[in-house]
Amino acid sequence: MTRDRYGEPADGHECRNGWLTRPDADEPRPCLICRPHLAKTTNTHDFAEREPSARAAAAIRAEEGR
């Protein structure tokens, strides 16, 4: 019987030490019953919501050859 991270019996899922994929898998998938802290995803972006400063804008124009 599989147990969750608290040691309680957990029915309905088969995992190996908290992971659903083989140990040699390229992308390991966590068992979210045993490892619920891994369910959270991050939303990152690499764009600015504001205009660059005058100094940065000048450097960008100089780099572009204007």
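The values are calculated or read from the model by the stated rules, or taken from the named source; none is laboratory data. What you see is a predicted model; the values in this text were computed from it and never measured. Note: ideal-geometry Cβ built from the backbone for every residue, glycine included; neighbour counts use all protein chains shown. For the accessible areas, the whole protein counts, side chains as well, though only heavy atoms, and no ligand, DNA or RNA atoms are used. Shrake-Rupley method; radii C 1.70, N 1.55, O 1.52, S 1.80 Å.
A dipole drawn for the chain from +1 and -1 charges on Cβ atoms has a positive end, and of Leu38, His13, Ala25 the residue lying farthest that way is Leu38. Solvent-accessible area per residue in the chain equals 95 Å², computed with a 1.4 angstrom probe and all protein chains kept.
With a Förster radius of 25 Å applied to the C-beta separation of Glu64 and Thr44, the computed FRET efficiency comes to 0.40.
Every pair of different Cα atoms in the chain enters the Kirkwood calculation, which places the hydrodynamic radius at 16.2 Å. Heavy-atom surface analysis with a 1.4 Å probe gives the chain a carbon and sulfur content of 48 percent of its accessible area. When the chain is treated as a GNM with alpha-carbon contacts under 10 Å, the residue of Arg55, Arg35, Arg22 showing the greatest mean-square fluctuation is Arg55. A cut-off of 5 Å between modelled amide H atoms, ignoring neighbours fewer than 5 places along the same chain, links Trp19 with Cys31.
Could you work out how far helix 54-64 tilts from the main Cα principal axis of the chain, as a 0 to 90 degree angle to the nearest 10? Tilt of helix 54-64: around 90 degrees.
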